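Taken together, the values in this text are just the output of simple stated rules run on the coordinates, not laboratory data. Since the model is a prediction, treat every value here as computed from it, not as a measurement. Here the Cβ is made from the backbone with ideal geometry for all residues, glycine too, and neighbour counts use every protein chain on show.
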Amino acid sequence: MEVTNAPAAPVRALVTGAGGFVGRHLLAHLLDSTDWHVYCSTRAQVREAQLSERMSMLPCDLLDPERTRQMVEQVVPGFVFHLAAQSNVQQAFKDPEGTFTSNVVGQLNLLNALRTVAPKARILVACSSEQYGLVRPEDTPIDEDVPFRPNNPYAVSKIAQDALALQHFLSWGQQTIRVRAFNHIGPGQSEHFVASAFARQVARIEVGLQEPVLQVGNLEAERDFTDVRDMVKAYLLAITKGEPGEVYNIGSGTAHTIQSLLDAFLSASKVPIEVRHDPTRMRPSDIPVLVCDASRFRERTGWAPEIPFEQTLLDILDYWRGRVRAET
Ligand code: GDD
């Protein structure tokens with residue numbers, strides 16, 4: 001028998017949406033805490049600082065089934081983090097069809113390619129607490145058995161992604177693991193989401209780029225915020241320790257009003273700021289309260305968020321202060 005000392009081939013992980021907010025944080029975490037080779041499927045650029053010899057860029061539009069198949073054949077991944085999506089609720093109201101196509105057809109092309117090329121891959125599908133929608137008060141905090149009552153097109157697209165992942169497990173035995181993530185925020189998120197929307201304005205006002213008036217939408221909603229850096233740790237635990245075919249809610253279990261998030265930014269501001277209601281920031285229908293019961297996930301993996309809410313907000317404000325300084 002021939003004996004070789006050849007090192008074992010590294011584990012190959014594929015991340016879709018790798019250039020997005022969560023994707024960039026996930027890449028950093030995978031490079032830090034695993035020895036995997038990470039293949040980044042993205043339509044956007046990944047920042048130079050993150051480039052590593054354990055990372056490869058694979059430009060790919062998941063709406064192109066041929067290109068998606070080629071990309072999957074090139075990688076033959078053991079693990080797939082499917083993050084690519086149109087993730088903004090307000091945008092989904094403006095373009096339901098585009099949202100549905102990106103989120104559902106993109107995932108269908110990916111799962112179909114993986115089914116033949118890498119049938120044993122463990123596949124994490126990023127679903128959303130938005131799926132629960134207008135939850136009845138007696139169903140809060142929300143566990144995985146709470147019925148879906150979606151009130152926007154984004155939520156419906158995520159319900160379809162969730163169902164599609166389950167169907168591919170049940171029909172084809174694909175090792176899909178669904179995570180329903182509650183709100184996650186942190187440095188690097190776009191200003192189209194509430195924490196960055198407010199922090200960016202504070203940073204611009206502080207240096208005189210904007211009059212001292214901060215525009216806001218609905219301040220009464222309550223959301224369960226987790227730092228994105230804790231969320232990506234949860235994703236790695238979910239894909240390695242989660243049970244294929246299963247679904248897990250991920251969130252901190254604590255609700256914060258949007259008003260309290262605003263108040264934290266106002267008190268961190270170096271200058272006085274007036275708050276003004278902007279009707280264009282209101283949604284046709286908003287969810288009043290979303291609070292997570294993550295017991296199933298905690299029991300399976302031992303995950304718990306570590307970064308305090310207040311620290312996350314300060315890090316977001318620092319990020320925007322840096323961005324605004326660089327732009328001036
Ligand atoms: N974006 C935004 N901008 N939201 C505002 C603003 C504003 O100026 N003012 C108030 N809000 C309120 C929204 O009406 C909503 O009630 C809340 O702040 C949070 O809005 P977003 O940050 O846009 O997040 P989301 O809750 O709609 O969705 C996020 O979380 C989901 C998980 O629950 C996204 O990250 C989704 O992709 C994710 O699935």
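Observations, loosely collected:
- Only one of the listed residues (268, 294, 234) is farther than 25 Å from residue 27 by Cα and touching a residue at least 12 places away in the same chain (Cβ under 8 Å). That residue is 268.
- When 207, 194 are checked against the criterion of being within 27 Å of residue 262 (Cα to Cα) and under 19 Å from the mean Cα position of the chain (by Cα), 194 stands alone in meeting it.
- For region 270-328, filtered to residues that are part of a loop (DSSP other than H, G, I, E, B) and basic (Lys, Arg), the residue that is nearest to residue 211 (Cα to Cα) is 270.
- Of the strands (runs of 3 or more DSSP E) lying entirely inside region 74-185, not one is found with 1 or more residues being without any contact (Cβ under 8 Å) to a residue 24 or more places away in the chain.
- Matching residues, region 263-303, being away from the ligand (no atom under 11 Å from the Cβ) and polar (S, T, N, Q): 267, 269, 295, 301
- Matching residues in region 191-235 - criterion: being within 19 Å of residue 264 (Cα to Cα), of a type in the set (Gly, Ala, Ser) and either surrounded by fewer than 24 Cβ atoms within 10 Å (Cβ to Cβ) or more than 13 Å from the ligand (Cβ to nearest atom) (or both): 196, 197, 203, 217, 221
- Residue identified as on the phi > 0 side of the Ramachandran plot and in contact (Cβ under 8 Å) with a residue 24 or more places away in the chain among 208, 253, 217: 253
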